[in-house]
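Worksheet for the structure shown next.
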């Protein structure tokens with residue numbers, strides 16, 4: 001069964017999940033992420049009175065932690081897809097670093113996307129079974145990319161910069177600084193800037209207020225996943241603070257400047273596909289100008305690489321779960337949940 005909290009909309013058919021039974025909890029996002037965690041946990045607990053064999057959560061959102069806490073409370077085993085990502089700084093990103101660490105501490109099955117994520121888990125001494133699988137997000141990316149029409153061949157004119165920005169730690173001064181950098185870049189006239197607005201009203205309003213009606217800047221309404229993949233594939237450079245895009249850009253071969261000071265996905269930096277630039281307006285504008293002025297360096301960052309998986313994470317995870325369930329079926333009855341008091 002696919003459980004949808006309501007925090008974001010999802011077209012299940014677009015991800016090959018259209019035939020799955022769906023349950024909608026009706027828990028839209030909250031300004032306070034901890035409040036959303038509690039709401040999701042409370043909504044899910046009654047549904048676990050007839051316990052499933054495994055509750056699977058993905059990522060580090062408040063929905064993921066809420067689901068995991070419901071499982072821990074109801075003594076239902078929990079599996080965590082995308083386990084082991086760490087910046088080792090509880091404030092960057094907040095609250096995601098806190099949430100993913102809490103899920104990993106008590107999960108029975110931990111699906112780490114990379115060997116570095118596995119090493120983080122082993123260093124922490126978690127009790128669950130750890131498996132390196134790649135990230136299923138890359139499976140989805142490659143599936144969607146294969147269905148896209150080819151890029152249109154025409155004189156492209158100015159290079160194109162694609163921007164997304166939404167991280168909670170950047171709300172306020174950080175987003176304003178990113179917008180100031182985009183204004184500088186657009187005014188210089190050496191590229192076109194496409195800003196995909198986030199569904200969060202606060203973030204979108206700030207971008208509209210600071211960047212509306214500026215030459216060379218297009219403010220785009222939130223789009224579906226296939227459209228975003230197409231835009232990432234077809235642009236020349238991405239500016240983003242998204243965790244998912246940090247994985248997707250290398251797989252697409254599109255250079256990426258990461259609008260963060262720290263990242264839980266350093267593999268993209270090591271592969272040469274991405275650079276950390278933070279949210280300082282001067283640094284962002286300087287790095288964009290430098291890359292567009294040096295096609296050789298930009299081309300080096302555009303070499304396609306797959307540090308986060310080969311597109312076969314989902315069948316690996318499914319096979320591991322099947323094997324785990326079969327082994328559990330022959331074990332003597334006992335406590336299902338790993339619990340900790342500290």
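Laid out as a table, the results:
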quantity	calculated
Acute angle (nearest 10 degrees) that the helix 136-147 long axis makes with the longest principal axis of the chain, alpha-carbon atoms	50
Cβ crowding within 10 Å averaged over residues, with 66-72, 163-169, 50-56 ranked highest first	66-72, 163-169, 50-56
On Cα atoms only, tilt of 96-106 relative to the major axis of the chain in degrees	20
Net length gained if the chain between residue 234 and residue 271 were fully extended (0.36 nm per residue, minus Cα distance)	11.3 nm
Residue-averaged 222 nm ellipticity for the chain, from DSSP H runs of 4+ at -39500 (n - 2.57), nearest 500	-13000 deg cm²/dmol
Stretch gain in nm, segment residue 188-residue 20, where the contour uses 0.36 nm per residue and the Cα spacing is subtracted	55.5 nm
Rg [Å, one decimal], Dmax [Å, integer] - the range 188-342, C-alpha atoms	20.6, 69
Mean separation of Cα contacts under 8 Å (6+ apart) over length of the chain, as relative contact order %	15
log₁₀ of I(q)/I(0) at q = 0.13, 0.25 Å⁻¹ - the range 85-180, Debye sum with one point per alpha carbon	-0.73, -1.22
The range 96-243, Cα convex hull volume normalised per residue, Å³	145
Net lengthening on full extension, residue 310/residue 158 (0.36 nm per residue, minus Cα-Cα)	51.4 nm
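Values in this text are rule-based calculations from the coordinates and carry no lab data. This structure is a prediction, so every number in the text was calculated from the model and none was measured. Here the Cβ is made from the backbone with ideal geometry for all residues, glycine too, and neighbour counts use every protein chain on show.
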